[in-house]
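The structure under discussion appears below in the form of structure tokens.
Just so it is clear, none of the values below were taken in a lab; they were calculated from the coordinates. Quantities reported herein were computed from a predicted structural model and do not represent experimental measurements.
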Amino acid sequence: MLQKTTFELSSRNKYGNNCEYFQFSFGGAREPKNGEIDFVQGTNTCREGLILNMRQSIMGGSKIQPTDKFRMIFKWTASEKYLDRDLEIIDGWLKRSIPVLQAFDRAAGWPLTKAYKINCKQDWLKSYYFLSSRRWMKSSYLVSLYVLLVRMCKDERITGFKDLKGLIATIEKLTKSSPNLKCDGPYVKGSLPYWEAIMKGYPRLFRKRKIDYYWNIDRLTNSQNNSGSAEGIHLLTSGSTKYPEVRKELLKIKDELNTKKKVKQEAAS
């Protein structure tokens with residue numbers, strides 16, 4: 001599941017301190033050097049904050065976010081009071097996240113996501129470096145979806161699938177059940193009908209131009225009033241996006257896939 005290589009975090013003070021509450025955070029990562037790795041701009045606890053930081057890192061003058069690969073660090077902090085319970089939660093959460101991302105990778109024909117342990121030297125702190133195809137960071141919508149997929153894996157019921165089709169079936173069942181998903185249930189349910197269209201339609205949605213084009217706020221309507229726009233997966237799939245062109249193309253791709261499925265079902269009946 002995990003790669004054999006283990007990394008050290010460059011800035012030791014970014015490990016944080018043990019606390020009373022369970023915490024989960026994430027941030028874009030720099031390229032590892034000499035066995036060490038570090039965040040680009042620290043950690044976030046919400047996808048919107050991550051996107052704002054990443055937009056600045058990609059489009060800002062320093063361009064400090066590497067774009068040859070998609071690099072993320074996910075960090076879990078166990079609570080002092082419930083250490084054993086929380087460490088078990090973290091272990092399962094991590095093990096579910098990798099197959100989920102790889103199911104998406106396979107559906108799109110991309111290199112499979114790899115995960116590496118980061119040596120934190122604290123039993124209450126667990127950090128992992130995720131390395132994925134550069135295509136995952138081609139737009140804010142894909143970055144948001146990526147983190148959403150990891151966040152939803154807090155739910156221990158997300159298991160037993162073989163591919164994206166099986167994963168979608170699993171999530172459809174869970175989002176209709178009670179209790180709902182343990183993390184981001186409404187956002188998962190809202191984006192779920194578009195997962196296949198986003199991955200299979202990537203060439204039409206995000207491959208035609210360089211990365212700066214898709215992160216530039218000039219693509220957004222009323223961009224002068226939205227210089228800090230997060231533009232995550234929820235805005236795209238709910239129809240609230242300020243990038244109407246990509247929303248229109250996504251709906252077209254989705255309709256085409258649904259038509260193909262319908263024709264196939266009719267031919268089999």
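Can you give me the angle between helix 140-152 and the longest principal axis of the chain, using Cα atoms only, in degrees from 0 to 90, rounded to the nearest 10?
The answer is roughly 60 degrees.
State the percent of C-alpha pairs, over all pairs in the stretch 146-223, separated by a distance greater than 17 angstrom.
On the way: 1661 of 3003 pairs.
Result for the distance tail: 55 percent.
Please check: in the Gaussian network model of the chain (C-alpha springs, under 10 Å), which one of ALA197, ALA29, ALA169 has the largest mean-square fluctuation.
Looking only at ALA197, ALA29, ALA169, the biggest GNM fluctuation is shown by ALA169.
How would you classify the stretch 137-269 from its alpha-carbon gyration tensor, with a ≥ b ≥ c the square roots of the eigenvalues: rounded for a/c under 1.5, else prolate if a/b is greater than b/c, otherwise oblate?
Taking the square roots of the gyration eigenvalues as a ≥ b ≥ c, the stretch 137-269 is oblate.
Expressed in nm to one decimal, what extension gain is obtained for the pair GLU8 and LYS210 from 0.36 nm per residue of sequence separation less their Cα-Cα distance?
Numbers: separation 202, 0.36 × 202 = 72.72 nm, distance 3.21 nm.
Residue separation times 0.36 nm, minus the Cα-Cα distance, leaves 69.5 nm.
With a ≥ b ≥ c the root eigenvalues of the C-alpha gyration tensor of the chain, is it rounded (a/c under 1.5), prolate (a/b larger than b/c) or oblate? Don't skip to the end; give the middle numbers.
Details: a/c = 1.79, a/b = 1.25, b/c = 1.43.
Here the chain falls in the oblate category.
Please tell me which of these pairs span more than 27 angstrom C-alpha to C-alpha: LYS162/LYS208; LYS4/LYS208; LYS81/LYS182; LYS69/LYS117; LYS69/LYS162; LYS69/LYS126?
Working: LYS162/LYS208 31 Å; LYS4/LYS208 36 Å; LYS81/LYS182 21 Å; LYS69/LYS117 18 Å; LYS69/LYS162 25 Å; LYS69/LYS126 23 Å.
The answer is LYS162/LYS208; LYS4/LYS208.
Considering all projection directions equally, how large on average is the shadow of the alpha-carbon convex hull of the stretch 1-81, in square nanometres? Provide the component values of the computation, followed by the final result.
Details: hull surface 26.6 nm².
It is 6.6 nm².
Cα-based Rg (one decimal) and Dmax (whole number) for the stretch 87-196, in Å?
In order Rg, Dmax, the Cα atoms of the stretch 87-196 give 14.0, 41 Å.
Cut-off 10 angstrom, C-alpha nodes, Gaussian network model of the chain. Which of PHE24, PHE104, PHE74 fluctuates the most?
Result: PHE24 has the largest fluctuation of those listed.
Given the DSSP H assignment, sum -39500 (n - 2.57) over each helix run of at least 4 residues in the chain and divide by its residue total; what's the result at 222 nm in deg cm²/dmol, nearest 500? Provide the component values of the computation, followed by the final result.
Working: 10 runs with 119 residues, N = 269.
It lands at -13500 deg cm²/dmol.
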